[in-house]
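Note sheet for the following structure.
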Amino acid sequence: QVQLVESGGGLVQAGGSLRLSCAASGTFLRLNGMGWYRQAPGKQRELVANIASSGITNYADSVKGRFTISRDNAKNTVYLQMSSLKPEDTGVYYCNGQVLVYNYWGQGTQVTVSS
């Protein structure tokens, strides 16, 4: 079993920055892809960014140039540095981690960007 725990959400003004962290724990040999998704009220969950174990990254067009995903494999932790935040970035941010063919999710952390 794998547990993912997010931290770092909060309330920030437009133009501000936040850094999210997600630490994985449990019994596993290796985490493969890790990523961040978000869900705004009334909308479907969407991919924000993901990162392979090799370090290759992928971003949603809406966050390119503003968000940076990174990971520390030794700590089984993934980070999301968010800058130039916009009100439309508001939502619950979920961490995702893949072990073998299984996907695991964190409980989510709220990010609110005020205008």
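The values are calculated or read from the model by the stated rules, or taken from the named source; none is laboratory data. Predicted model, so just to flag it, every value in this text is computed and none were measured. Neighbour counts are summed over all protein chains in view; Cβ atoms, including those assigned to glycine, are modelled from backbone coordinates with ideal geometry. All accessible areas refer to the heavy atoms of the entire protein, side chains included, with ligands and DNA or RNA removed. Shrake-Rupley method; radii C 1.70, N 1.55, O 1.52, S 1.80 Å.
Could you say which residue among Gln110, Gln44, Gln1 is among the polar types (S, T, N, Q) and in contact (Cβ under 8 Å) with a residue 60 or more places away in the chain?
The conditions single out Gln110.
Which ones in segment 56-80 are more than 11 Å from the chain's Cα centre (by Cα) and within 18 Å of Ala23 (Cβ to Cβ)?
Asp72, Asn73, Ala74, Lys75, Asn76
Could you tell me which residue of segment 68-115 is modelled with the highest pLDDT, considering only residues that are closer than 18 Å to Asn32 by Cβ and not in a strand (DSSP E or B)?
Applying the filter and picking the extreme gives Gly106.
Looking at Asn103, Asn96 in this structure, which one is without any contact (Cβ under 8 Å) to a residue 12 or more places away in the chain and not charged (D, E, K, R)?
Every option except Asn103 fails the conditions.
Give the residue that is least open to solvent (accessible area, probe 1.4 Å), with candidates limited to residues of segment 76-114 that are charged (D, E, K, R) and touching a strand residue (DSSP E or B) at 6+ places or on another chain (Cβ under 7 Å).
Step by step, filter segment 76-114, then rank; the result is Asp89.
Where residues in segment 21-49 are open to solvent by 50 Å² or more (accessible area, probe 1.4 Å), at pLDDT 95 or above and in a strand (DSSP E or B), which of them is nearest to Asp89 (Cα to Cα)?
Per the criteria, the residue is Gln39.
Which numbered condition trips up Gly65, out of (1) assigned to a strand (DSSP E or B); (2) more than 18 Å from Tyr102 (Cα to Cα)?
That leaves (1) as the condition not met.
So is Arg45 out of contact with any helix residue (DSSP H, G or I) (no Cβ under 9 Å at 6 or more places or on another chain) and under 17 Å from Gly8 (Cα atoms) or not?
So Arg45 fails the test.
Please enumerate the residues belonging to segment 1-20 that are farther than 20 Å from Met82 by Cα and either assigned to a loop (DSSP other than H, G, I, E, B) or open to solvent by less than 50 Å² (accessible area, probe 1.4 Å) (or both).
Gln1, Val2
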